[in-house]
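Data block below; observations after.
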Amino acid sequence: MAGDNDQEKTEKATPRKRQKAREEGQIAQSREIPSVLILLFSLLFFTFAGSWMLQHLSVLMRGLLQYAGTRELGPDNVASFLWSLFKDTMVLLLPFMVTVLLAGIVGNISQNGFYWSTKPLTPNFSKLDPLKGFKKLVSLRSWVELAKSVFKLVIIGSVAYVMVRREADAMPALVHLQVSQILSYAAKVAFKIILYTTLVLVILAVLDYIYQRWQHEKELRMTKQEVKDEFKNTEGDPKIKARIRSVQRDMARRRMMEAVPEATVVITNPTHLAIALKFENDFKAPMVVAKGAGHLAEKIKAIAQAHKVPIVEQKPLARTLFKSVEIGDFIPVELYRAVAEVLAYVYRLNGRLNAR
C-alpha cells in the first residue's frame, strides 16, 4: 500500500517543476478573459468613437459613389484610386484594430505576466495518436469546455430574448420613423444586449480563470518519489552531501591541527576549551589558528605540548575567544589588552622579550 500511495500525485509542484512547465508553455490560462476584454474594449470603442466611424464611413461611401459617377476607371487612375481607398479604409479600421490588439495583449499578460515560449509551436507527432485524441475528447476538460460553450450560448440567447421582448411593444411604431431613426433605435437595443451579455461573460471569465488555475495546479502535482528525485538532481543526494561535508570537516580539522605547532600560545579553559593563537611582526593582531572543545581541545593541547607551544589557562578569555572569533580571524580590538598580557607572559617565559 505504501508503494501505491507513493505513486499518487499528492504533492504540490516544486518551483523547478513550475519553471520547467512554464518554459514548455504549460501555464494556467483562460481563453475567456481575452475574449471578454476584446468584447468590452470594442464596446467602449464604439461608445466613444462610433459616431466618428459612422461619419467617416458616410464620407467614404459618398466619395466612392461620386467618384464612380463622375470618373471612369482605367489603367492610368486605377492604382491611385485603390491606394486612396486603402488609406481611407485603414484610417477607419486601424483604431479599432489597435484597440482589439491591446485588449488581447492585456487579457493574456494579466494572467501570467509577460511570457514567451516557442515550445507549443514545436511539432509533436504524439498528438496524432488517435487513442490520446479520444481520451482528450472524453476528458473532464473537454466536458467543461463544452458546458461553457453551451452556457455562453444560453446566456447570450437569453439576454437577447429578454431585451427584444422588452422592446416588442415599441417595434410596431418603427414603421412611422425615418431610416436614420430606425438605425439609431436598433443600435441602442444592440448596445444594451452586448452590454448585459458582457457583464455576464465577465463573471463567467473569472470563474473560468479560477477553474483553469485549479486544473493547472492539479496537473502539476507530483508524487513523493518525483519530489525526492528532483531534490537529488537539483540539490544532490543528501547522503552524498553529508559525506562531502564530513570530508570537508575532516580536511579543515587536519589543516587546523597542522597549524597548532606554529602557534604562539594555546589558551585553555583549562579542560573544556583550547584556542591556539599565532602572532608575528607582520600581523596586525594575533590570529586564531585553531580552536576546539572537549576531545578536540585535548588534541590541540597534546599537539601543543609535543611541539613545546606554551599553554596558558585563562578561563574568561578562552570562553570569549571560542564564542566570538572564528578560525583564521584576527582577535577583536576589545580583546587586545587581555591577549597582550598573555603574550607578554609567554615572551617572558620563553625569554623572547629581550630578543625582540
Task: Check on Val260, surrounded by 16 or more Cβ atoms within 10 Å (Cβ to Cβ) and farther than 30 Å from Val150 by Cβ - done: yes
- [ ] Within segment 174-185, identify whether any single residue is surrounded by 13 or more Cβ atoms within 10 Å (Cβ to Cβ) and within 26 Å of Val36 (Cα to Cα), and answer yes or no.
- [x] yes
Open item on the list: Quick check on Ser149: is it at pLDDT below 85 and under 16 Å from Glu32 (Cβ atoms)?
Closed with: yes
Open item on the list: Residue under question is Gln55, and the condition is that it be in a helix (DSSP H, G or I) and modelled with pLDDT of 80 or more; does it hold?
Closed with: yes
- [ ] For Ile193, indicate whether it is free of Cβ contacts under 8 Å to residues at least 60 places away in the same chain and either touching a His at 6+ places or on another chain (Cβ under 9 Å) or closer than 22 Å to Arg22 by Cα (or both).
- [x] no
Task: Number of positions in segment 18-52 that are in contact with an Asp or Glu (Cβ under 9 Å, 6 or more places away or on another chain) and at pLDDT below 80 - done: 3
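The values are calculated or read from the model by the stated rules, or taken from the named source; none is laboratory data. Given the structure is predicted, the values throughout are model-derived calculations rather than measurements. Glycine gets a Cβ as well: all are built from the backbone with ideal geometry, and neighbour counts include every protein chain shown.
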